[in-house]
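Here the structure is laid out as structure tokens; the discussion comes afterwards.
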Amino acid sequence: MDSNTLINSWIPTSVQVNLVDEFIQYDQHVQQIAQKYISDESRNMNINYVIQWVYLIILLNIFGIDLGTIYSILTSDRAQILNKYFLDRFKYFTSRSWAYKHASDLFSIHKFDIEAISESIQDSIYLKIGNSFRKQANAVYNEGKQKITPPIEAFLGLVSPSSIFPDLSVFERGKRLPYFNARIYMHINHISSISELVGCIKEIEICESSYSYRIAGRLGFIHRPPGKGMFYQNFPLIEDKLQFYEEIIDEMLSIEEIHDFHVISVDCCNVPVDKRDKSASNGVGSRGSFFGQKASIGAGTYCLPVNSVTKSGNSADISLYRETMQPILDLAKKVKQEIWIQTADAAYTSTYLIDDIIASGSVPFIDINPRASKLLKTLKQAAANLEDLSKKAIKNGLAPDERKGYLSDLRLYEMKHPRPISYNEKIKVLKRLLKNWADYARYHGLKPAEQLQEWKFRKKIQICRQIIRTSGTWAENKIAQSIVMQGTIEWFLVYHIRGQNEGINGILKKRGNMIGDGQHTTWGRGLKSVRIRIESEIVMYKTSSLVYKLITGRIRHSMRRIYNWRVRFYIFIFWTGFYRKTPPLMIYIVCRYLQWQMSGVKRRFHTLTHIESESPPLTQN
């Protein structure tokens, strides 16, 4: 017996317990296969031996390792629960030589039946373990007041292995699944290099005179952790086959309402690569020139990336928009969500892109790039003058949740009206909602003198738009005449989502596996390698966001690092001495706080009432 196999190997207890449960469930089927094998050619064999051979074949299919390793682990103290089950069930183990001699013949004859059982057990165990750990993490999260870090098992078992790799055999899935788990582990722990990953999973746990690789075993490497070469060989294969997994995760994210497509933003980010990369080129980004690739990323309302397109660095941002947006439009249609708004920065200023967005049934919110137009430059400057006051009104007048309050109103509106909603109806509803929230932010966020100044700046923007309408070209008119004026409170209520997504792209690039902290270029070389790595990193973010929702029940901040997951408690502390001296002041402060808390709810109800009645919105004077 190989001593290294016994020292390094370890099967987690949860896996062993679930395997025993599955063996008990399929015991009758296994006995039928064994009896049929014996009776087919009147073989003179002990049926208990044949049953054990079937179980050994099932185990090697599930874990994707050879028969000798499975036999060694099964007969050792590194799989005590399985060992005890087999001894209680059969009283003895079949010999290694007999297993080698007859297992391949048995599998070739009853391959279909054995693979069906192996696939069912493999799927069941993977899903059960993931659901069990997520349920336990949810209980701990709800009970405690401290931050928690969910175990790696909580991020596994969202989708069955047969759905992740439908084009692979059960044995191949067993081989690839630990690397898939390791890829998730790499993401949630923000590991950006293979060497660091190998160092983490090779952490040992010493028990008396023996040791084992517990982290590797939890990821599925029950024999021993592989070296760097195996990860370099398998990760590209795993990352290139994630499309089936991503489709299922996207649907689950939509069901859990994490994928919200009311506002979609598209933005490009540069991905610097090594100078030796022949597929890269010189490009220009928001921070100047760079050498590398360019990734166009589309994100939803909650800033979670949905789709990405990677091209050479010299590609224009606008040339990647359609390719980035089309899968999002298809997904929204599939999950029956309405896309109300598409927003992008000034790099996407184009009349044909505006026409494309309108043709898709969405309302364009695209910043102005004046280029050589004097009229658009004047309009851009007038909007820039109003920007500070608009942002101040939103910051001081609206609570963080209220800044996206119009989205809640849109969801309520959709519940009361049949879909699809026409483009003209979307414009009508958005104008009313944004105006109401802007009036509320202006009244609560600006002083009277600032409100007057804000009104004057708005008038200047209106005059600029009027001049363009009467004297500008058709292209200038199309670019300038958005449904709300650029630079206003209404504009930034929508446009600030694009700014958040731009920050998310930076996080995706530096904290994630695209480049990583402390690096200057990505690890990958070649356009295909970089593209697959970016797409896989987005899939990993989708996975962690879904687990975040399942454990915490929250949607916002789903991309937060896992050790920041916590229950929020709001505690009000009254200073007794201060209260005794000035009770009227404290009563006034408490009343104003309660009024501020309730104002958002009242305002939302008030807004919807006016939309339903189609009467002009009320403003506060």
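Here are some notes:
- Qualifying residues in segment 491-507 (those that are open to solvent by less than 20 Å² (accessible area, probe 1.4 Å) and modelled with pLDDT of 90 or more) - the one farthest from Pro400 (Cα to Cα): Trp491
- Residues that are farther than 25 Å from Pro370 by Cβ and open to solvent by less than 30 Å² (accessible area, probe 1.4 Å) occur in segment 445-457; there is at least one.
- Selection over segment 355-376 of residues that are of a type in the set (A, V, I, L, M, F, W, C), at pLDDT 90 or above and open to solvent by 20 Å² or more (accessible area, probe 1.4 Å) gives a count of 3.
- The criterion of at least 3 residues that are of a type in the set (A, V, I, L, M, F, W, C) is met by the following strands (runs of 3 or more DSSP E) wholly inside segment 256-370: 263-272, 288-299, 363-366.
- Residue among Gly300, Gly292 that alone is in contact with a Phe, Trp or Tyr (Cβ under 7 Å, 6 or more places away or on another chain) and over 24 Å from Gln481 (Cα atoms): Gly300
- Each residue in segment 377-395 was checked for being of a type in the set (Val, Ile, Thr) and either under 30 Å from Leu331 (Cα atoms) or surrounded by fewer than 19 Cβ atoms within 10 Å (Cβ to Cβ) (or both), and 1 of them qualify.
- Candidates Ile73, Ile57, Ile65, filtered to the one that is buried (at least 16 other Cβ atoms within 10 Å of the Cβ), on the phi < 0 side of the Ramachandran plot and not in a helix (DSSP H, G or I): Ile65
- Of the residues making up segment 224-251, those that are in a loop (DSSP other than H, G, I, E, B) and either open to solvent by 50 Å² or more (accessible area, probe 1.4 Å) or in contact with a Lys or Arg (Cβ under 7 Å, 6 or more places away or on another chain) (or both) are Arg224, Pro225, Asp240, Lys241.
- Restricting Ser254, Ser281, Ser289, Ser265 to those that are under 17 Å from the mean Cα position of the chain (by Cα), open to solvent by 10 Å² or more (accessible area, probe 1.4 Å) and not acidic (Asp, Glu) reduces the list to Ser254.
- Cβ pairs under 8 Å, 6+ apart, first in segment 89-111 and within 15 Å of Leu60 (Cβ to Cβ), second part of a helix (DSSP H, G or I) and open to solvent by 70 Å² or more (accessible area, probe 1.4 Å): His110/Lys36
- Which listed residue, of Ile38, Ile51, Ile47, Ile62, is touching a residue at least 12 places away in the same chain (Cβ under 8 Å), under 43 Å from the mean Cα position of the chain (by Cα) and under 22 Å from Tyr100 (Cβ atoms): Ile62
- Filter result (touching a Phe, Trp or Tyr at 6+ places or on another chain (Cβ under 9 Å) and in a helix (DSSP H, G or I)) within segment 415-435: Lys426, Val429, Leu430, Leu433, Leu434
- When residues of segment 323-347 are limited to those that are charged (D, E, K, R) and over 22 Å from Ile421 (Cα atoms), the one surrounded by the fewest Cβ atoms within 10 Å (Cβ to Cβ): Glu323
The values are calculated or read from the model by the stated rules, or taken from the named source; none is laboratory data. It should be emphasised that the depicted structure is a prediction, and the values quoted were computed from it without experimental measurement. Reconstructed Cβ throughout: ideal geometry from the backbone, glycine too, with neighbour counts over all protein chains shown. The protein model used for the area step is the full one, side chains on, heavy atoms only, and it has no ligands, DNA or RNA in it. Shrake-Rupley method; radii C 1.70, N 1.55, O 1.52, S 1.80 Å.
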